[in-house]
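Rule-based calculations on the coordinates, nothing more; no lab input. Nothing here was measured: the structure is a model prediction, and the numbers come from that model. Counting neighbours? That spans all protein chains shown, and the Cβs are built from the backbone with ideal geometry, glycine included.
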Amino acid sequence: MPDDLKKRVKELIVRQLKLEMDPSSIADEAPLFGDADGGLGLDSIDALELVLGVEKEFGIKVQDEEVGVKAFASVNALCDFVREKAA
Amino acid sequence: MNSPNSSARTRVALVTGASRGIGRAIGERLAADGFHAVLTYRADAAGAETAAAAVREAGGSAEAVKADVTSAADIEALADRLDREREGVDVLVNNAAVLKNGLFALMPDASWNLVIDTALGGTYRMTKAVMRGMLRRRWGRIVNISSLAAFSGSAGQTNYSAAKGALVAFTKSLAAEVGAFGVTVNAVAPGFIDTEMISFLTKEVREDFLKRVPVRRFGCPEDIAPFVSFLCTEGAGYLTGQTIRIDGGFVG
């Protein structure tokens, strides 16, 4: 079940941001944003897209930036966030 | 422009402070353009209802809604209802503003706060409430009504000038954030428009002012509404982050 959520999140990222990559190639702990090595290098516009995508896919509203920054740090962080909000 | 006759939903245009003056003219014009016009008012129910009725009589779609832009609760309730009933707001005209002129050195805190909170705070609250829907639908038009006061620096209007000037900067910054989503953000800065807001000016002040207006007359709401109408069309999709002064060429 946890793997299923990870898969959904990775597919959401690729689909919402129109990335040309295989969802399974996104490392669970890779930093999504910023210039960190091994990260996806997403920017603030991508962040907005992800907020919309999470809203659409999981019905969860990200209301403020503080929550968003933590929740979107990596695939694992996003999965934790979704699980927490769905509980 | 809008497509009220196709199977696509009718787009919604929300104008704050639309019971009279510039706001009302803009609301009526957007309704004529095919939007469902939501005309908000704080206290002047009669004015707003009359405007909405006039729109309906002309074959358009409009509603008058009591909503104080300084009230977070009012704003949230309105945005939620429009989300539920009409999928949200497509065009937002942040027009609501009040004047509390006076010399700065003698200005009560309440005068400063109210003016800032209405024009600038109201813009913040209302725009935030409708933005998510615009981003989701990947189409939006935000038009902030600034003022000549943002540029001309006249005594007795430090609060109003601060608020209206802030809107110019806010417009540029927000435009940069949401351009990728098909949402444009612009401001219109009217000069002296002959509405109730400037009815207190003396004849001397009026004559004095006109000397600095090449077009040699005061403006009327119909000088402002057509440009706002244009900003809300498909054709204006590449125009964003701008403040356009409509002030008869005011020199000063």
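Highest mean packing comes first when the peptides B:143-149, B:70-76 are listed by Cβ atoms within 10 Å, giving B:143-149, B:70-76.
Put simply, the C-alpha atoms of region A:2-86 give a gyration tensor, and the ellipsoid matching it has half-axes of 17, 15, 12 Å, longest first.
Summing +1 for each Lys or Arg and -1 for each Asp or Glu, what net charge is found among the other residues whose Cβ lies under 13 Å from the Cβ of A:I45?
Details: positive: A:K18, B:R138; negative: A:D43, A:D46, A:E49, B:E177.
Counting the neighbours of A:I45, the net charge comes to -2.
For chain B, the relative contact order is 18 percent, taking Cα pairs closer than 8 Å that sit 6 or more residues apart in sequence and dividing their mean separation by the residue count. Net charge of the neighbourhood of B:F151, taken over other residues with C-beta under 10 Å away and scored Lys/Arg +1, Asp/Glu -1, is +1. Taking amide H as placed 1.01 Å from N in the peptide plane, B:Q242 has its amide H under 5 Å from the amide H of B:A187, each at least 5 places away in sequence or on another chain.
Antiparallel DSSP bridges in chain B: what percent, to the nearest 5? Mind dumping the intermediate values first?
On the way: 0 of 28 bridges.
In chain B, DSSP labels about 0 percent of beta bridges as antiparallel.
Seen from B:A8, the other residues with C-beta closer than 12 Å to its C-beta sum to a net charge of +1, counting Lys and Arg as +1 and Asp and Glu as -1. Less than 5 angstrom separates the built amide H of B:N94 from those of B:V143, B:N144, B:I145, all sequence-distant by 5 or more or on a different chain.
Within a 10 angstrom radius of each residue's Cβ in A:50-61, how many Cβ atoms of other chains show up on average? Whole number is fine.
Numbers: counts 0, 2, 5, 0, 0, 3, 1, 0, 0, 0, 0, 1.
Counting other chains' Cβ atoms within 10 Å and averaging over A:50-61 gives 1.
For the peptide B:72-78, the mean number of other protein chain Cβ atoms found within 10 angstrom of a residue's Cβ is 0.
How far, in degrees from 0 to 90, does helix B:72-86 lean away from the longest principal axis of the Cα atoms of chain B, to the nearest 10? That helix lies at roughly 30 degrees to the long axis. Note that region A:54-65 has calculated 3J(HN,Hα) couplings of 5, 4, 6, 6, 10, x, 9, 9, 8, 8, 9, 5 Hz, one per residue in order, obtained from phi through the Karplus relation 6.51 cos²θ - 1.76 cosθ + 1.60 (θ = phi - 60°); glycine and proline are x.
Structure note, pairs A:K56/A:K85; A:K18/B:K172; A:K10/A:K56; A:K10/A:K70: Cα-Cα distances above 21 angstrom occur for A:K18/B:K172. Per-residue 3J(HN,Hα) values for region B:125-141, derived from phi via the Karplus relation 6.51 cos²θ - 1.76 cosθ + 1.60 with θ = phi - 60°, read 4, 5, 5, 4, 5, 9, 5, 4, x, 4, 5, 4, 7, 6, 7, x, 9 Hz in sequence order (x marks Gly and Pro).
For region B:54-63, putting each phi into the Karplus relation 6.51 cos²θ - 1.76 cosθ + 1.60 with θ = phi - 60° gives couplings of 4, 4, 5, 5, 7, x, x, 10, 7, 9 Hz, in residue order, rounded to whole numbers and with x for Gly and Pro.
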